[in-house]
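Participant: Please read through the structure below; I'll follow up with questions.
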Amino acid sequence: MRRWLLLALWPLAVSAQEVRPSREFLSPALRAQQEDPSRHPGWLWVDEGEAIWRRGERSCQSCHGDISAMRGVATRYPAVASDGALLNLEGRIERCRVENQGAAPFGYESEALLSLTAAVARQSRGMAMSVPVDGAAAAFLEEGHAFYETRQGQLNLSCGQCHDANAGRRLRGDVISHGLGTGYPAYRLEWNGMGSLHRRLRACSLGVRATQFPLGSREYLTLELYLAHRARGMPVEAPGLRR
Amino acid sequence: MSDIIARITLPEAARRGEVVTVRVIVRHPMERGFDGPGLTPVPRQILHTLSVTYAGEEVFRMALSPGITANPYVEFTTLAVETGEMVFEWQEDGGAVYRRTAQLVVT
Amino acid sequence: MRRRSLLALPLATGPALAQTTETYEAAEQSILAGRMPAPTGITIEMPTLSENGNSVDIAIRVESPSTRADHVTAIHVLAEKNPIPRVASFTLGPRSGRAEVATRIRLATTQTILVLAETSRGQVHRAAREVIVILGACVDGG
């Protein structure tokens, strides 16, 4: 019942059936590499993240046990914390570090945080996204959806104008995807390394000549929630491999 | 840097005389060394050599230039001759040497 | 997967690639060393259209008996329009089993990729491929 109500409240421009996994928009070569850890450099970050998970006296492992316990977690993020804050995986890890491990935060986009986030997300690889959007999350979802549909920047484009209306079509050398965040943190060839979804979103904002919001900002967090909801049923691809 | 992160992939076991494919990815920026108008000069810092020793002798060597992609990937083959360690050694500009090993079981 | 690193003594230093500005033509001549290359025996697997010049996959296969008497000793990759044309050199031997290597290279622009393979019998094989490098639409210069 509740689910039907939600669908009625937030009609999507594209129905869930039409949204396709990000990997289907990759070139065959890139897609094959994404599925092959022996050829996917993103796994260097996953390996490092798993080492960080075990490192130190008050390690992640000392509370959570083996990192495999994180299976499924990435399918449910971003999520609303007990104090009402919307946290993505990066935010959850940073908060855990400060509050439970008594350590300084790694910092958004630091190699350590990217590694640990990739290692945690990878535990859900192939699992279907199923982010809760009821209760406290509902208002955040609405905000993110509004951001997605708003025309922005000098090019006056909304996210949906590319990622709904023109998905699958070519833009110069690229194929426009449905704009899901399921592959992040991802190794991007252009970056020569790993990067977060928010770094990618900053590139989107730049692309339409709009305001680039800070990493971890409310704008990108709520958008991330909307993208995760839009991706429901789609497989987690992190660590992704992107152009 | 006193540590290097690498991922070495080879079959867990091979028959004697079998040709084994080895894949190696290593984390390194392969800094080309930029210098130009408006740029802050960055010294070149790359891994310039990878050598692989197995069963008593060097079986593979690669000379790398700044034209090799960051986080270098390489794939090569070697004959499985005996159970033992494959030793991978990278030489970096400035003289640092990094070493990793992988085990090949030969039946 | 334990990481190990040793600041070991440098080994007998092999032929690291020259850091000087050697031209594409000079690099080829230096490898050929007066020999006439055979235009056969090398397969280059590479996309005709590269998605990103930062990372272009190249796989090379050289036909060879791969015996102690007759095997490939070296494979060289040259990029015509890169700032440093000599991109990589691979040293192989009789224990390589096959003459097959793959790596990922940076390409500054659309250009010719040249592969030279030397054998233990002193022969050189030569093959070339054109690669078109296209820039993506969504670059952020990051």
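Only the coordinates and a few stated rules stand behind these numbers; no lab work does. Computed from a prediction, not measured in an experiment: that's the story for all the values here. Cβ sites come from the backbone with ideal geometry, for glycine too, and all protein chains shown count toward neighbours.
Participant: Determine, for A:177, A:196, the number of other Cβ atoms within 10 Å of each Cβ, and report the residues in order from fewest to most.
Facilitator: Ranking A:177, A:196 by Cβ neighbours within 10 Å, fewest first, gives A:177, A:196.
Participant: Sticking with this structure for a sec: Tabulate in residue order the Karplus-calculated ³J(HN,Hα) for segment B:70-77, using 6.51 cos²θ - 1.76 cosθ + 1.60 with θ = phi - 60°, rounded to whole Hz; enter x for Gly and Pro.
Facilitator: These are the phi-based 3J(HN,Hα) values: 3, 6, x, 10, 8, 10, 8, 10 Hz.
Participant: Modelled label-to-label distance, residue C:40 and residue A:134, 7 Å Cα→beta-carbon offset: nm?
Facilitator: 7.3 nm
Participant: Ok, one more. Between residue A:71 and residue B:103, take the C-beta separation as r, use R0 = 45 Å, and let me know the FRET efficiency to the nearest 0.05.
Facilitator: That pair, residue A:71 with residue B:103, gives E of 0.95.
Participant: A follow-up question, please. Which of the three applies to segment A:26-150, rounded, prolate or oblate, going by the alpha-carbon gyration tensor with a ≥ b ≥ c and a/c under 1.5 meaning rounded?
Facilitator: Oblate, since a/c reaches 1.5 and b/c is not below a/b.
Participant: Counting each DSSP H run of 4 or more residues in the protein assembly as shown as -39500 (n - 2.57), what helix-only mean residue ellipticity at 222 nm follows after dividing by all residues, to the nearest 500 deg cm²/dmol?
Facilitator: Taken over the protein assembly as shown, the calculation gives -6500 deg cm²/dmol.
Participant: Based only on Cα atoms, what mean projected area does the convex hull of segment A:2-242 have, in nm²? Numbers along the way, then the final one.
Facilitator: Working: hull surface 51.0 nm².
Mean projected area for segment A:2-242: 12.7 nm², to one decimal.
Participant: Taking 8 Å as the Cα distance limit and 6 or more residues as the minimum spacing, I'd like the relative contact order of chain B as a percentage.
Facilitator: In percent, rounded to a whole number, it is 32.
Participant: Hey, what does the equivalent ellipsoid look like for the protein assembly as shown, semi-axes from the Cα gyration tensor as sqrt of 5 times each eigenvalue, largest first, whole Å?
Facilitator: On the way: eigenvalues 384, 136, 83 Å².
Semi-axes, largest first: 44, 26, 20 Å.
Participant: For segment A:70-98 and segment A:210-243, what is the separation of their C-alpha centers, rounded to whole Å?
Facilitator: 14 Å
Participant: Going by C-beta contacts inside 10 Å, put A:140, A:25 in order with the fewest on the left.
Facilitator: Taking fewest neighbouring Cβ atoms as first place, the list is A:25, A:140.
Participant: Based on other C-beta atoms within 10 Å, arrange B:53, C:43 from fewest to most.
Facilitator: Details: B:53 19, C:43 13.
Ordered from fewest to most neighbouring Cβ atoms within 10 Å, B:53, C:43 come out as C:43, B:53.
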